Amino acid sequence: MFASSLKLVGGIFLMAALSACAGSGDAPKDGVAGVNAAAASSMPDMSLTAGALTGTDWELVQWPGHALPSSGAEPVVLNFSQNGRASMVSGRAGCNRFSASYTLSAQDQISFGSPASTRMACASQLMQFESSFLKLLAAVSRIQVQAGGMQMFAADGQVLSYRPRANAAADVSKPVGPATEVTAAASPATAAADAAPATTQDLYVAPLRAKCMGIAPMQCLQVRQDPQGPWQLWYSPIEGFEFKTGTAYHIRINGWKIANPPADSSSMRWKLVQILEQHRAGPHRKKK
């Protein structure tokens, strides 16, 4: 009887000892889990914010498999802006200016809305490049910003690489856009106003403006260099030229290249030299 009691007590102590060992074996696991959880909670949030994109003009410098516009053409430049809940990207796509909405989500995910662009005509090769670029931009799904650069990744594996584009010191916060009157303070080329112009053009100006699409819908001059040629839309302001509806003009203008213009503005500054001819002309009416 006494022996049976000893066996029972011994069994109880053995079970208690095994339970203690099991508990001590689980403790390191719990301790490691606790350290990992603490480390994870202390890791910085790597999600991309709009602030990392805005305030910089991003110039496209590499697109494998594609030749970028030559130095004489407009560079491809993006500018991100944030106005309340509205997130927009605007810039130049090689020939035309464009704008589109964008949305940032978790981590480095980004999506772009359908872009709206101006409708100027350029060389066919440049137009093809622009069309391909805007199509790819709409397919971009991931973005990374690091010191000195930005990369966009499309679902098909294509990568667009950009670098910050330093604006000229003379640039100001007020962009020179299609609907903005150019003033001496607004144009980075004003300081070189006395320099020889890069180009001089004689233009015929139609008596009526036409609807056109810049960053937003607007009214553009209609111009042509050949008096018998087709009318083309003119998006840029011309300093000193006061257009009056119903008057046809033949004018001479000088143009200067603007160094590092804002992404959503013209790369040329135009100024009236002389009105060679002008006359009242009503709209063309169909004969009954």
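Derivation of every value follows stated rules applied to the coordinates shown; laboratory data play no part. Fair warning: this is a prediction, and the values are worked out from it, not measured in the lab. Every residue, glycine as well, gets a Cβ built from its backbone with ideal geometry; the counts of neighbours run over all protein chains shown.
Between Glu242 and Thr199, the FRET efficiency from the beta-carbon distance, with R0 = 22 Å, is close to 0.50. Across the stretch 87-98, computed HN-Hα scalar couplings (Karplus, 6.51 cos²θ - 1.76 cosθ + 1.60, θ = phi - 60°) run 10, 10, 10, 9, x, 10, 10, x, 10, 9, 8, 8 Hz from first to last residue, x flagging Gly and Pro. For the stretch 50-165, just say rounded, prolate or oblate: build the C-alpha gyration tensor, square-root its eigenvalues into a ≥ b ≥ c, call rounded for a/c under 1.5, and beyond that prolate if a/b exceeds b/c, oblate if not. Note, shape of the stretch 50-165 comes out prolate.
Give the calculated FRET efficiency between His66 and Arg119 to the nearest 0.05, with a Förster radius of 35 Å applied to their Cβ-Cβ distance. Show your work: numbers first, answer last.
Details: r = 23 Å, r/R0 = 0.64.
Computed FRET efficiency for His66 and Arg119: 0.95.
Placing +1 on each Lys and Arg Cβ and -1 on each Asp and Glu Cβ, with no other charges, gives the stretch 50-165 a dipole about its Cα centre of roughly 180 debye. Taking a sphere under 12 Å around the Cβ of Gln222 and counting the other residues whose Cβ falls inside, with K and R at +1 and D and E at -1, yields a net charge of +3.
Each Lys or Arg adds one and each Asp or Glu takes one away; over the other residues whose Cβ falls under 10 Å from the Cβ of Arg165, this sums to -1.
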